[in-house]
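The values are calculated or read from the model by the stated rules, or taken from the named source; none is laboratory data. Every value quoted in this text rests on a predicted model; they were computed, and no experiment measured them. With ideal geometry, Cβ positions are generated from the backbone for all residues, glycine too; neighbour counts draw on all protein chains shown. Heads up: the accessible areas ignore ligands, DNA and RNA and are worked out on the full protein's heavy atoms, side chains in. Shrake-Rupley method; radii C 1.70, N 1.55, O 1.52, S 1.80 Å.
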Amino acid sequence: MTTPTQPFAKFGSEKMIYDARMGPVAVDDGQRVVIVYQGGEGASVGQPHIIAYDRKTVRWSPPMQLGTVSHRDHHFMPIVWRDDGGYWQVLYHCHFSPGVHLVSKVPDAIDAWENGETIADSISYPSIHYLGDGRRLLFYRVKGHLGYWVYRLSDDGGRSWGAERLLIDFDYDPQDEADRWAGSYPLPLVSRDGRSLHIGLCYWDERNGCHPRYRFKLDLLTRYHLYYLKLDVDSGELSTIHGTGLDIPVNRRAAEAAKVLDSGDELTNFPTIATDAHDRPMMIVPISEGDPWRCRFHCLRWDGSKWQHSTIIETDNTWSASRVIDWQGDRITADLIVGEGKGEACFYGGGQLQRWQSDDNGLNWRYQRSFVPIEGLIYNNPRPVERAGGGVVDDAFVLYGWQGPGGVWKTPSYDTPNHNRGMAWLWLDGKWA
């Protein structure tokens with residue numbers, strides 16, 4: 001039995017710490033780790049908050065609520081970054097809307113804010129990516145499930161943004177009913193030289209009829225297959241792993257040329273994506289196995305000529321998160337959320353955070369250790385601590401958890417006061433902060 005570790009935040013709402021489609025959620029400026037999350041005591045909604053851990057004093061700042069949201073929506077989670085002038089920036093309330101963009105009034109401070117410029121009319125799932133030389137890239141979806149994915153570039157560290165550039169739109173130019181109801185969920189990673197994006201994605205079937213294999217409606221789980229695209233950031237050109245150019249926007253039919261894995265009727269989700277020293281990509285994705293609550297993590301690695309395919313460990317939900325934390329030579333280390341038979345109860349996933357390692361470039365994997373701040377809780381969405389000037393802090397992450405058996409969203413009901421049961425922790429310098 002481990003000694004319980006105090007969380008840095010309580011009363012977290014659904015997706016208190018968001019999955020890999022949005023971020024950064026934690027940024028290190030060399031002196032502090034600044035973290036954003038959503039929640040609030042006695043509320044049935046998740047309000048945007050910010051907090052900081054001071055490395056020198058080994059203390060947390062008081063949490064600060066950054067504003068209010070219009071209604072309950074886990075997509076309203078804030079993201080945070082620091083521009084080249086030392087000003088902190090936050091973007092929240094993003095779902096079919098411009099969101100709220102805040103800029104700190106004073107460099108390095110996080111206790112006083114003013115409104116920043118509106119970035120776009122419609123933003124969902126925003127993520128900021130450091131390209132080098134002060135440039136940043138903003139990746140997001142316009143409109144709803146059947147919207148389209150775009151990016152913008154910034155030359156001033158993210159204080160202002162260039163024109164929107166179209167990338168992916170699965171229901172563009174539909175030829176049949178499946179095309180008309182096709183969406184996608186991509187996850188980007190900046191290449192080693194900062195000039196390209198590696199993009200792993202899944203197909204989303206908005207029709208949500210009776211599933212042909214499972215014989216009931218699966219709601220937001222109807223995600224299939226695995227695809228890989230590469231973006232040349234400056235030209236805006238998209239290509240397959242083989243270098244074949246694709247017309248923009250890439251729709252469902254064009255994406256067939258970029259398909260890495262056809263899952264048939266089995267469910268997938270957006271993948272974790274990482275690269276080796278030669279910038280060759282690898283993706284980790286959960287895939288169901290004859291039951292929506294029995295899944296397995298799969299590893300697909302490009303060896304320069306073909307995709308090598310292996311499996312890692314079972315989990316119980318395609319929303320179980322993963323992240324690759326290190327890839328040196330043939331050794332790959334990854335953190336995985338391994339479900340424990342509660343997949344149906346925890347709609348958006350959850351389980352135990354386990355570290356797994358491969359010494360042969362992802363072909364075989366072995367268990368290393370677990371991270372459990374409090375015994376008996378359910379955990380999900382381990383997210384890296386990013387450096388303000390690019391890169392990530394070694395073996396540091398933010399994690400959130402809650403008391404089961406259901407998900408944060410399920411018990412008690414959404415409209416019940418004090419429904420926010422999430423808690424969050426920071427792992428830093430080999431221990432819980």
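I need the full set of residues from segment 77-91 which are open to solvent by less than 20 Å² (accessible area, probe 1.4 Å) and in contact with a Phe, Trp or Tyr (Cβ under 6 Å, 6 or more places away or on another chain), in order please.
In the first step, residues of segment 77-91 are kept if they are open to solvent by less than 20 Å² (accessible area, probe 1.4 Å); the result is 77-81, 83, 86, 88-91.
Once the filter is applied, which keeps residues that are open to solvent by less than 20 Å² (accessible area, probe 1.4 Å) and in contact with a Phe, Trp or Tyr (Cβ under 6 Å, 6 or more places away or on another chain), segment 77-91 yields Met77, Pro78, Gln89.
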Looking at Val58, Val27, Val34, Val69, which is the one that is touching a helix residue (DSSP H, G or I) at 6+ places or on another chain (Cβ under 8 Å) and either in contact (Cβ under 8 Å) with a residue 24 or more places away in the chain or β-branched (Val, Ile, Thr) (or both)?
Val69
The listed residue being without any contact (Cβ under 8 Å) to a residue 24 or more places away in the chain and in contact with a strand residue (DSSP E or B) (Cβ under 6 Å, 6 or more places away or on another chain), out of Ser127, Ser104, Ser122
Ser104
Residue in segment 202-211 that is over 23 Å from Ser320 (Cα atoms), assigned to a strand (DSSP E or B), in contact with a Lys or Arg (Cβ under 8 Å, 6 or more places away or on another chain) and open to solvent by 10 Å² or more (accessible area, probe 1.4 Å) present
no
Conditions first: (1) in contact with an Asp or Glu (Cβ under 8 Å, 6 or more places away or on another chain); (2) of a type in the set (D, E, K, R); (3) more than 20 Å from Val190 (Cβ to Cβ). Lys259 passes all but one, so which condition is the exception?
(1)
Among strands (runs of 3 or more DSSP E) lying entirely in segment 263-345, which contain 3 or more residues that are in contact with a Lys or Arg (Cβ under 8 Å, 6 or more places away or on another chain) and open to solvent by 20 Å² or more (accessible area, probe 1.4 Å)?
307-315
With Ala52, Ala9, Ala20 as the choices, which residue is more than 25 Å from Glu114 (Cα to Cα), in contact (Cβ under 8 Å) with a residue 24 or more places away in the chain and aliphatic (A, V, I, L, M)?
Ala20
Please indicate, with yes or no, whether at least one residue in segment 175-197 is open to solvent by less than 10 Å² (accessible area, probe 1.4 Å) and over 24 Å from the mean Cα position of the chain (by Cα).
yes
Residue list for segment 399-433, filter: touching a Gly at 6+ places or on another chain (Cβ under 7 Å), at pLDDT below 95 and open to solvent by 10 Å² or more (accessible area, probe 1.4 Å):
Pro417, Asn418
Criterion: charged (D, E, K, R) and part of a strand (DSSP E or B) - qualifying residue of Lys15, Lys10, Lys56
Lys10
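Look through Tyr348, Tyr400 and report the one residue that is of a type in the set (Phe, Trp, Tyr) and within 23 Å of Arg294 (Cβ to Cβ).
Just one listed residue meets the conditions, Tyr348.
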Say we look at segment 92-115 and pick out the residues that are more than 17 Å from Val36 (Cα to Cα) and in a loop (DSSP other than H, G, I, E, B); which of these is least open to solvent (accessible area, probe 1.4 Å)?
His95
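Just to be sure I understand, how many residues within segment 18-31 are over 12 Å from Phe397 (Cα atoms) and either polar (S, T, N, Q) or part of a strand (DSSP E or B) (or both)? Walk me through it before giving the result.
Within segment 18-31, the first condition is being over 12 Å from Phe397 (Cα atoms), and the residues that meet it are 18-23, 29-31.
Retained after the next criterion (residues that are either polar (S, T, N, Q) or part of a strand (DSSP E or B) (or both)): 23, 31.
Of the residues in that region, 2 qualify.
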Tally up the residues in segment 350-394 that are without any contact (Cβ under 8 Å) to a residue 12 or more places away in the chain and among the aliphatic types (A, V, I, L, M), please.
1
Can you tell me which of (1) open to solvent by 20 Å² or more (accessible area, probe 1.4 Å); (2) within 30 Å of Leu137 (Cβ to Cβ) is the one Gly23 doesn't meet?
(1)
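Residues checked against (1) of a type in the set (D, E, K, R); (2) surrounded by fewer than 20 Cβ atoms within 10 Å (Cβ to Cβ); (3) under 20 Å from His101 (Cα atoms):
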site	(1), (2), (3)
Ser122	no, yes, yes
Tyr125	no, no, yes
Gly132	no, yes, no
Phe139	no, no, yes
His145	no, yes, no
Val150	no, no, yes
Gly157	no, no, yes
Gly162	no, yes, yes
Phe170	no, no, no
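Every residue in segment 273-318 that is among the hydrophobic types (A, V, I, L, M, F, W, C) and free of Cβ contacts under 8 Å to residues at least 40 places away in the same chain, please.
Going through segment 273-318, the residues among the hydrophobic types (A, V, I, L, M, F, W, C) turn out to be 273-274, 277, 282-285, 287, 293, 295, 297, 299-300, 302, 307, 312-313.
If the condition is that a residue be among the hydrophobic types (A, V, I, L, M, F, W, C) and free of Cβ contacts under 8 Å to residues at least 40 places away in the same chain, then Ile287, Phe297 are the ones that fit.
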